[in-house]
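*Asks:* Structure incoming, see below.
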Amino acid sequence: MAEKVLVTGGGGYIGSHCVVELIEAGYHPVVVDNFSNAVRGEGDVPESIRRIEKFLETSIEFHELDLLDQPGLEKLFKKHSFSAVIHFAGLKAVGESVEQPLRYYRVNLTASMNLLEVMQAHKVHNLVFSSSATVYGDPQRLPIDEQHPVGGCTNPYGQSKYFIEEMIKDHCKAEKDWNAMLLRYFNPIGAHSSGLIGEDPQGIPNNLLPYVAQVAVGRRECLSVYGKDYDTLDGTGVRDYIHVVDLAKGHIAALKKLKDGCGCKVYNLGTGTGYSVLQMVKAMEKASGKEIKYKIEPRREGDIASCYADPHLADKELGWKAKFDLERMCEDLWRWQSKNPTGFSDGTAS
C-alpha cells in the first residue's frame with residue numbers, strides 16, 4: 001500500500017510540483033492549503049491540484065486548512081496514518097517580511113510549532129522542511145556549503161526559516177526517534193513541462209522571474225531592477241536559479257533518506273551557478289522572443305549582492321543533483337506563462 005505523505009501548502013508553486021513527483025514516485029499525498037497563495041478552483045480545490053488530477057488521471061485528497069488551526073490539524077492526523085510530512089506552508093516574500101515582521105513570525109513560527117506538536121502526539125516522526133538559503137544571510141564566502149554560518153539573516157522571512165530550523169534541530173535532539181531533512185532552497189523557477197501548472201503569484205510578484213514573464217506576456221509594462229551598484233559582473237544581484245521540478249525531485253530523495261534513521265540533516269538544493277538579474281532578463285527574452293523592458297531602481301532593504309550554492313553534499317548523500325539548465329528553465333517558464341497569460345484564472349489550459 002502506498003505511503004501517505006502530508007503536504008502542507010501543497011496548492012502553492014513548489015508544493016504542487018512536489019505533489020506531481022510524489023504521485024509519480026508511488027506515494028499517496030494528502031494536501032492541505034489555506035489559499036493564501038493558491039488559486040481556488042472548482043469544488044473549493046486549488047486549481048493547481050485540479051489540473052494535476054487531470055493530467056495524471058488520478059484523484060488527490062485535499063483539505064482546506066490553516067496550520068494555525070491546531071484542532072483542525074489534530075482532526076486530520078486522527079483520520080490518517082502518515083509516514084512523513086513535507087512542510088511547505090508559510091509566508092515567503094522577503095520585501096513583505098521587512099514591512100510586516102510580526103505577521104511573518106506569527107504565521108510561520110506558530111504554524112510550524114503546531115505541526116510539530118501534532119506530529120509528536122500522533123507519533124509521526126519523519127519531516128521534510130522547506131527552508132531557504134536566506135538563513136545564510138549575506139554570504140561570508142561563495143559558493144555556500146552547509147557548513148557556512150547561519151542566523152545572520154538580512155530579513156524577517158529568513159529569520160523565520162532560521163528559527164524553525166532551530167526548533168526542528170532542538171526537537172530532534174530531544175526526541176531520538178525523529179528524522180528531519182532541512183532543505184535550503186536557492187531560487188526556484190520554471191514550471192512543469194506540460195505548461196499546466198506553474199508559479200502564479202497573487203498580486204504583484206515578489207520574485208524576479210514571475211515578474212519578468214508577466215512583462216514578456218504583456219501583463220505588466222516594465223520590470224523594476226533593484227540596484228545596479230552591487231559588486232557583481234554587471235552590478236545587478238546574482239542568484240542560483242533552480243528548476244522547480246529539480247527541486248521537487250530533491251524532496252523525493254530526502255523522503256527516501258529519512259528511512260535510514262538519519263536524525264536531523266541539512267542540504268542545499270541549488271545548481272551551484274549564479275546568474276545576474278540582467279542575465280536572466282536576456283535569457284527570458286531569448287525563450288519568449290519578446291523584448292523585456294526594465295528600469296533601474298534603488299536597492300531593496302534585505303537584499304544581498306550574490307548567493308549561490310555548493311550542492312555537492314546533496315549529490316553525495318541523497319544521490320540528487322539539478323539536471324535542467326537555464327535555457328530549459330526559461331523555456332518551461334515561458335510555456336506556462338504563454339499558455340496561462342493571467343495565471344490559473346485563465347481558462348485556456350483547463
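The values are calculated or read from the model by the stated rules, or taken from the named source; none is laboratory data. In this text the structure is predicted, and so the values were computed from the model without any measurement. Note: ideal-geometry Cβ built from the backbone for every residue, glycine included; neighbour counts use all protein chains shown. Just so you know, the surface numbers come from the protein's heavy atoms only, side chains and all, with ligands and any DNA or RNA stripped out. Shrake-Rupley method; radii C 1.70, N 1.55, O 1.52, S 1.80 Å.
*Asks:* If packing is taken as the average count of other Cβ atoms within 10 Å, what order do 76-83, 213-220 fall into, highest mean first?
*Replies:* Output ranking for 76-83, 213-220: 213-220, 76-83.
*Asks:* Please give the FRET efficiency for Thr110 paired with Leu233, using the beta carbon to beta carbon distance and R0 = 35 Å, rounded to the nearest 0.05.
*Replies:* After rounding, the FRET efficiency stands at 0.25.
*Asks:* Give a residue-ordered list of calculated ³J(HN,Hα) values for the range 196-207 (Karplus: 6.51 cos²θ - 1.76 cosθ + 1.60, θ = phi - 60°; whole Hz; x for Gly, Pro).
*Replies:* Working through the residues one at a time gives 8, 10, x, 7, 10, x, 8, x, 6, x, 8, 9 Hz.
*Asks:* Right, next: Once you compute Rg and the Kirkwood Rh from C-alpha atoms, what is the Rg to Rh ratio for the range 258-350? It would help to have the intermediate numbers written out before the result.
*Replies:* Values: Rg = 17.9 Å, Rh = 16.7 Å.
A ratio of 1.07.
*Asks:* Report the full-extension gain for the segment Lys290 to Glu99: residue separation times 0.36 nm, less the Cα-Cα distance, to one decimal in nm.
*Replies:* Fully extending the segment from Lys290 to Glu99 adds 65.4 nm.
*Asks:* Still on this structure, I have one more. What is the log10 of I(q)/I(0) for the range 1-103, computed with the Debye formula using one identical point scatterer on each Cα and no solvent, at q = 0.17, 0.18, 0.24 Å⁻¹?
*Replies:* -0.77, -0.85, -1.34
*Asks:* Determine the per residue accessible area of the chain with all protein chains present and a 1.4 angstrom probe, expressed in square angstrom.
*Replies:* 42
*Asks:* Greater than 32 Å separation of Cα atoms is the criterion. Which listed pairs, Lys79/Lys259; Lys92/Lys169; Lys265/Lys293; Lys173/Lys321; Lys161/Lys257; Lys123/Lys316, meet it?
*Replies:* Violating the 32 Å limit, Cα to Cα: Lys265/Lys293.
*Asks:* What do you get when you divide the Cα radius of gyration of the chain by 2.2 N^0.38 Å, with N the number of residues?
*Replies:* The chain yields a ratio of 0.94.
*Asks:* Non-local amide H neighbours of Ile296 (under 5 Å, H modeled in plane, Pro and chain starts lacking H): which ones?
*Replies:* Val225
*Asks:* Rg (Å, one decimal) plus Dmax (Å, integer) for the alpha carbons of the range 51-118?
*Replies:* Expressed in Å, the Cα Rg and Dmax of the range 51-118 come to 14.9, 42.
*Asks:* Here's something else I'd like to know. Between Gln140, Leu333, His80, whose Cα lies farthest towards the positive end of the dipole of the chain when Lys and Arg beta carbons carry +1 and Asp and Glu beta carbons carry -1, centred on the Cα centre?
*Replies:* So the residue furthest toward the plus end is His80.
*Asks:* Compare the Cα positions of Gly235, Ile52, Val94 along the charge dipole of the chain (+1 at Cβ of Lys, Arg; -1 at Cβ of Asp, Glu; about the Cα centre) and return the one farthest towards the positive end.
*Replies:* So the residue furthest toward the plus end is Ile52.
*Asks:* Per residue of the range 291-305, what does 6.51 cos²θ - 1.76 cosθ + 1.60 with θ = phi - 60° give for ³J(HN,Hα)? Whole Hz please, x for Gly and Pro, Karplus curve as stated.
*Replies:* Per residue, the Karplus-derived 3J(HN,Hα) values read 6, 10, 6, 8, 9, 8, 10, x, 4, 8, 5, x, 7, 10, 6 Hz.
*Asks:* Per DSSP helix of 4 or more residues, -39500 (n - 2.57); summed, then divided by the residues of the chain. What does that give at 222 nm, rounded to the nearest 500?
*Replies:* That calculation yields -12000 deg cm²/dmol at 222 nm.
*Asks:* Okay, next question. Work out from phi, with θ = phi - 60° and the Karplus expression 6.51 cos²θ - 1.76 cosθ + 1.60, the ³J(HN,Hα) of each residue of the range 144-153, listed in order in whole Hz, and give x for Gly and Pro.
*Replies:* 3J(HN,Hα) across the range 144-153, in whole Hz: 8, 9, 6, 8, 4, x, 10, x, x, 6.
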